[in-house]
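Only one structure is covered here, and it is reproduced in the block below.
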Amino acid sequence: MRMTRFVALISLLFPPMAAANPIFIGDGAPHGVNSPTNDTYQVQNGTLNILPGADVLYVGAFWQGSPGGNGASIVMSGGKVEQGVSVDRGNLDISGGSSRGADNSAYGGDAVRVFQGTARITGGTFVGGDSGGQAGSAVVGSAGTANGTPVVSALQISGGTFLGGTGSGGYYGGGTGYSLLSIGNATITGGHFLSPIAINAAYGGVTDGLGSGLSFNNQILSGILQNGDPIRVQVYGNFANALVNDSGTEVRFFNDPSSPSMPTIPSPIPEPTSALIFGLLATLALARRRPRRGAESSPTFGLPNAWHSRVKTSLKS
């Protein structure tokens, strides 16, 4: 009965997809796709290269070795992923191509989602799935717990185009999907963010924007990013303060429990074990997870003494 209830929950979290038998990569070797297929790919040990000309249904990485290992990688330099890329334990490197989340009446899919892993995005186009309910996001860096251990994702974004799906922004507010949902650690030095950004720092993640002439006023982040891309985007937030340094070269969103304006931080929401999730994906031919909260990443870092509160704002949804 308990397993039945859990499977029912999974079916709500994952938008339905076209049936496809997953192709498992577990030999530790590199593999490439450069032509259209209707396949899903699950990388357990090895590297999947998505090359120009590829058109696949879904791609996921879940390292099967000891925790902390980096044996599952996805490298995307071109091509297309129809229903999203997901990393639960592994690495992701995207320099080109496109990914789109699945459309669904209740929850749109995310184009890229990272939980226990790292992602570097230097180019490409990412669009969240459409929904009559909660729209999908272009990129999600998630956080929470895995097997009782807190995890925080790590994102590095220096290029690309990001657009949330059509539909409600959902949990964090807004009338459209998010270009970025950052719950783990994220560093943004470039990219075109065409719909709002949502940030939740309750689980220890820090989101940094680097550039020049950066400001954060009336929930709008604006300025020039480090690679020269202009940014002007609305930010929705939970449990996050925003701090702009005196030179306007960095905006940091972080949790400050000592701030009198900050609400009490909730306990992290437990995640099902990654192994169980992976098994269900394979069994049910469902190739993606729908998180409302998660990311993982590098350790949380504090503010240097040189920082000053020229702009310090509590973000609340």
(message) Students often check this: by mean Cβ neighbours within 10 Å, which of 241-249, 132-140 ranks highest, and how do the rest follow?
(response) 132-140, 241-249
(request) Please list, in chain and number order, the residues 5+ apart from ALA186 or on another chain whose amide H is under 5 Å from its amide H, with Hs placed from the backbone. (result) LEU155, VAL206, THR207, ASP208
(request) Kindly identify region 93-188 as rounded, prolate or oblate by the Cα gyration tensor criterion: order the square roots of the eigenvalues as a ≥ b ≥ c, call it rounded if a/c is under 1.5, otherwise compare a/b with b/c, prolate if a/b is larger, else oblate. (result) oblate
(request) Would you mind checking the radius of gyration and Dmax of region 136-258 based on alpha-carbon positions, in Å? (result) 13.6, 42
(request) Run the numbers on region 76-192 and let me know its relative contact order in percent, using alpha-carbon pairs under 8 Å that are six or more apart. (result) 23
(message) Quick check: residue separation of ASP246 and ASN38 times 0.36 nm, minus the Cα distance between them. What number comes out in nm?
(response) 69.8 nm
(request) Sort ARG113, ARG89 so the one with the fewest other Cβ atoms within 10 Å of its own Cβ comes first. (result) ARG89, ARG113
(message) I'm checking a number: the convex hull volume of the Cα atoms of region 31-128, normalised per residue, in Å³. What is it?
(response) 81
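No value in this document is a laboratory result; all are computed from the given coordinates. Keep in mind that this is a model prediction, so the values were computed, not measured. Glycine also receives a Cβ, built like all others from the backbone with ideal geometry; neighbour counts cover every protein chain displayed.
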